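Engineer: Below are the structure tokens for one structure; questions will follow.
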Amino acid sequence: MNAKQTRPERLRENLEKALLPILIFAPLVTLLCWAAAWIFRDEFIFKATLIGLGCFTIVIGAVSCLLVLLKRIDRN
């Protein structure tokens, strides 16, 4: 790690590294949950749970993106 890196730069890099898996897996999990909900469309409780879980991953991805946008400090 560069010795001249300031604390906000390191924090931003850590947030971006933490955000990458969320942004990769959230759409994948959403599609899998919604496909499984379509397959099990006759079971209401199971279908509703899968649809809710798929929506939850979208919310988590959006909140994490907003967190990175709000925590970015690039000002001098």
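Engineer: Test residue 75 against the criterion of being of a type in the set (D, E, K, R), part of a loop (DSSP other than H, G, I, E, B) and at pLDDT below 85, and give yes or no. Explain how you work it out, then say what you get.
Structural biologist: Numbers: of a type in the set (D, E, K, R): yes; part of a loop (DSSP other than H, G, I, E, B): yes; at pLDDT below 85: yes.
It is true that residue 75 is of a type in the set (D, E, K, R), part of a loop (DSSP other than H, G, I, E, B) and at pLDDT below 85.
Engineer: To continue, here is another question. In this structure, does residue 18 turn out to be in a helix (DSSP H, G or I), at pLDDT below 95 and over 18 Å from residue 70 (Cβ atoms)? Steps first, please.
Structural biologist: Numbers: in a helix (DSSP H, G or I): yes; at pLDDT below 95: yes; over 18 Å from residue 70 (Cβ atoms): no.
Considered against the rule, which asks whether it is in a helix (DSSP H, G or I), at pLDDT below 95 and over 18 Å from residue 70 (Cβ atoms), residue 18 comes out as no.
Engineer: Output the qualifying pairs, or none if there are none: Cβ atoms under 7 angstrom, residues six or more apart or on different chains, first residue in segment 58-76 and surrounded by 10 or more Cβ atoms within 10 Å (Cβ to Cβ), second residue in a helix (DSSP H, G or I) and modelled with pLDDT of 80 or more.
Structural biologist: Listed by first residue and then by second, the contacts come to 58/26; 58/30; 60/22; 60/26; 61/22; 61/23; 61/26; 64/22.
Engineer: Looking at segment 35-59 only, could you name the residues that are over 30 Å from residue 70 (Cα atoms) and part of a helix (DSSP H, G or I)? Can you show your working first?
Structural biologist: Just the residues of segment 35-59 that are over 30 Å from residue 70 (Cα atoms), to begin with: 35-50.
Those that are over 30 Å from residue 70 (Cα atoms) and part of a helix (DSSP H, G or I): 35, 36, 37, 38, 39, 44, 45, 46, 47, 48, 49, 50.
The values are calculated or read from the model by the stated rules, or taken from the named source; none is laboratory data. These figures come from a predicted structure and were not determined experimentally. Don't worry about glycine lacking a Cβ; one is built from the backbone with ideal geometry, like all the others, and counts go over all protein chains shown.
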